[in-house]
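**Q** Sharing a structure below in structure tokens format, with a few things to ask.
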Amino acid sequence: MNVVRADPMLRIVSVIKRFGGFTAVDSLSLDIAKGEFFALLGPSGCGKTTLLRMLAGFETPDAGEIYLNSENIAQVPPHLRPVNMMFQNYALFPHLTVAANIAFGLKRMDMPKTDIDSRVKEMISLVRLEGLEARKPDQLSGGQRQRVALARSLARRPQMLLLDEPLAALDKKLREITQDELKEVQRRLGMTFIIVTHDQSEAMTVADRIGVMDKGQLVQVATPRQLYEAPNSRWIAGFVGDINLIEGKITSRDMNRVVVTTSSLGDVITTHAPAGAKDVCVAIRPEKIRLSHSILTKPATDNTFDAELIDVRFLGGVSICKVKLTSGEMLRVAMTNATRASAESFTAGQRISVSFATEDIVVLDR
């Protein structure tokens, strides 16, 4: 195998994968560190599962290299890679018990029976399935089957675990619980996990870093906070979370003050903008906008505007408000319901003002 000196545990270099005339993965490069929980996030058909399958060895790149601990594994068959994959449908053997499912891969390694029994017991404890060892998959809940699949994937102690939409079949509440458990297992083992998901909240919850894919390419790689607070494009801003996007032009700029003139808000003041940009987009997250009952009777302070409250949707901890500016532009606002009074104080039809801080605006030029 070709060897390259590299610090990352996994290094993907200019990988291309085509299916006929369709390019599923397009010259993609990425480094992932040992012990990192990395998420591949993107819409259906963006290439994330194809990339995961190339890491597992189920697909072979048409071009490029994949280095694991400095060894090029791009042409290495799946059973010779120190990698395991947990599938979306779990792929459990219905005729085998929980313990036998977990032990299956260990038996194929010709591990001594005493060692197999010890490893199975360790995995059962790790995923908290004590007392269920003798049950078969059809006697388990969806969450329990997911834990069995995870334990089986970890039993051989791979250097890297690949997870293909592992929580997609679970209901919302169970999925949230399992996300926490998955993160805790990864933390305890210190193993490298790579998860494929189209669920933004899932990626933000479990991952140390997220790579967002579109049309076979990585469009941004960042921590969850960086991805949310500092998207590098309009597409990323609209794809990750909820956001208000307003078109405008930069009309003034000095060291700490940038003026973006918009048709719907007038002048919007911010502290930073891309160098050299002119035609831009002002991006504001709904939770960054504040509502006030005060109607402006004098010239507005920076980024404060009159509006009408059109709709309020109570969602428990937050209320989602739709407000209409005097220009007709609609904004979405997320308001925390810290008290019962705060949840009830804003009703549809009220005249209000909206405001946001200069540092909470992201200006995008692409």
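The values are calculated or read from the model by the stated rules, or taken from the named source; none is laboratory data. Everything numeric in this text was worked out from a predicted model, so none of it was measured. FYI the Cβ positions are ideal-geometry reconstructions off the backbone, even for glycines, and counts take in every protein chain you see.
**Q** Among helices (runs of 4 or more DSSP H) lying entirely in segment 92-160, which contain 3 or more residues that are among the small types (Gly, Ala, Ser) and either surrounded by 12 or more Cβ atoms within 10 Å (Cβ to Cβ) or in contact (Cβ under 8 Å) with a residue 40 or more places away in the chain (or both)?
**A** 98-108, 142-155
**Q** So how many residues does segment 157-183 have that are at pLDDT 90 or above and not polar (S, T, N, Q)?
**A** Going through segment 157-183 one residue at a time, the tally reaches 8.
**Q** Follow-up. Looking at segment 159-191, which of its residues are under 16 Å from the mean Cα position of the chain (by Cα) and within 18 Å of Arg53 (Cβ to Cβ)?
**A** Leu162, Leu163, Asp164, Glu165, Pro166, Ala168
**Q** May I ask you to say which residue of Ile194, Ile246 is in the same structural domain as Ile320 (by TED's automatic domain parsing) and crowded, with 16+ Cβ neighbours inside 10 Å?
**A** Ile246
**Q** While we're looking at this one, here's another question. Hey, can you tell me all the residues within segment 317-326 that are among the small types (Gly, Ala, Ser) and surrounded by 15 or more Cβ atoms within 10 Å (Cβ to Cβ)?
**A** Ser319
**Q** If you go through segment 329-346 one residue at a time, do you hit one that is among the aromatic types (Phe, Trp, Tyr), surrounded by 14 or more Cβ atoms within 10 Å (Cβ to Cβ) and at pLDDT below 90?
**A** Yes.
**Q** Shifting gears a bit: Restricting attention to segment 4-15, which residues are surrounded by fewer than 16 Cβ atoms within 10 Å (Cβ to Cβ) and out of contact with any Lys or Arg (no Cβ under 8 Å at 6 or more places or on another chain)?
**A** Arg5, Ala6, Asp7, Ser14 - these are the residues of segment 4-15 that are surrounded by fewer than 16 Cβ atoms within 10 Å (Cβ to Cβ) and out of contact with any Lys or Arg (no Cβ under 8 Å at 6 or more places or on another chain).
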